[in-house]
Amino acid sequence: MDRWMDGGYAIHSGTSMATPHVSGIVALLKAVHPDWSPAAIKSALVTTARTKDASGFPLFAEGSPQKLANPFDFGGGIINPDAAADPGLIYDMGLLDYTHYLCAMGYNNSAITRLTERSTACPDEKPSILDVNVPSITISSLRNSVTLARTVTNVGSPKSIYRAVIEPPIGLTVTVKPHILVFNSRTKKISFNVTISTAHQVNTGYLFGSLTWRNERTDVRIPLSVKTEILQSYADDN
């Protein structure tokens, strides 16, 4: 964004510049889809964002030396308001999803009940925070393999078929079941599992990829961020 300075105009970037732009776009999306939840709007923004610049070239992060940007730099990508108004699928969240999150974070039943104003009982087995229905997947410590769940809601054509397109992080295997989602007038929500396993024998930094649900007119993309942690020590090989 251009900003007037004492000596003229200067170009600045950052969250203080992005926030008013995103807020304005959110207001427009809410006007078009008044029944959408905050989670639905966030999902639409993330899954339709561009991961290349206007000329189709990769995005670079600021700093020296310059490096290719990753989801920790740009999140979902560069916001695309027109596409966000018609995202095809959304990763929505309601009260039960937020309760799942609070249980996974270790809040007790009384605290959650006071917050939600509804009687709550977390399951005896602590739920996984990886199953919270956000439009991204981040695993901070992958030691072998992990399976997590997501649910998408169809907000596009009632009769739609989507196929999974996976860009796995380097050295990782990513599978999705089911890998084809079929929606119709009766089926508006479908849950699926994502299994991520590693072939790495050493600890890694974060590795990045993506999972896209694709049909003939829409790509619904979420970022994958995974760091492997191998517990075996070098002493075990001696």
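For residue 106, are the conditions met, namely being under 27 Å from residue 50 (Cα atoms) and of a type outside the set (Asp, Glu)?
Numbers: under 27 Å from residue 50 (Cα atoms): no; of a type outside the set (Asp, Glu): yes.
When the stated conditions are applied, residue 106 does not pass them.
Is it the case that residue 40 is modelled with pLDDT under 95 and open to solvent by less than 50 Å² (accessible area, probe 1.4 Å)?
Working: modelled with pLDDT under 95: no; open to solvent by less than 50 Å² (accessible area, probe 1.4 Å): yes.
No, not satisfied.
Looking only at residues that are at pLDDT below 95 and either surrounded by 16 or more Cβ atoms within 10 Å (Cβ to Cβ) or in contact with a Ser or Thr (Cβ under 6 Å, 6 or more places away or on another chain) (or both) in the range 176-203, which one is farthest from residue 131 (Cα to Cα)? Selected residue: 200.
If you check 124, 219 for being within 21 Å of the chain's Cα centre (by Cα) and of a type in the set (Asp, Glu), only one passes: 219. For the range 51-74, filtering for residues that are under 30 Å from residue 35 (Cβ atoms) and touching a residue at least 40 places away in the same chain (Cβ under 8 Å) leaves 2.
Scanning the range 31-40 for residues that are in a helix (DSSP H, G or I) and touching a residue at least 24 places away in the same chain (Cβ under 8 Å), we see that the one that is farthest from residue 73 (Cα to Cα) is 32.
When only residues in the range 79-107 that are aromatic (Phe, Trp, Tyr) and in contact (Cβ under 8 Å) with a residue 24 or more places away in the chain count, which is farthest from residue 21 (Cα to Cα)? Let's see the steps before the verdict.
Filtering the range 79-107 for residues aromatic (Phe, Trp, Tyr) gives 91, 98, 101, 107.
Subsequent filtering for residues that are in contact (Cβ under 8 Å) with a residue 24 or more places away in the chain retains 91, 101.
Working: 91: 22, 101: 29 Å.
Filtering first and then ranking leaves 101.
Among residues of the range 15-30 that are free of Cβ contacts under 8 Å to residues at least 12 places away in the same chain, those with a beta-carbon under 7 Å from a residue that is open to solvent by less than 60 Å² (accessible area, probe 1.4 Å) and not small (Gly, Ala, Ser) at least six positions away or on a different chain give the pairs 30/36; 30/41. Of everything in the range 56-74 that is hydrophobic (A, V, I, L, M, F, W, C) and closer than 21 Å to residue 222 by Cβ, the residue that is surrounded by the fewest Cβ atoms within 10 Å (Cβ to Cβ) is 68. The set of residues from the range 204-225 being open to solvent by less than 30 Å² (accessible area, probe 1.4 Å) and of a type in the set (A, V, I, L, M, F, W, C) comprises 211, 213, 220, 222, 224.
The values are calculated or read from the model by the stated rules, or taken from the named source; none is laboratory data. Please read all numbers here as calculations on a predicted model, not as lab measurements. Methodologically, a virtual Cβ is constructed for each residue, glycine included, from the backbone with ideal geometry; neighbour enumeration extends over all protein chains shown. With ligands, DNA and RNA removed, areas are computed over all heavy atoms of the protein, side chains included. Shrake-Rupley method; radii C 1.70, N 1.55, O 1.52, S 1.80 Å.
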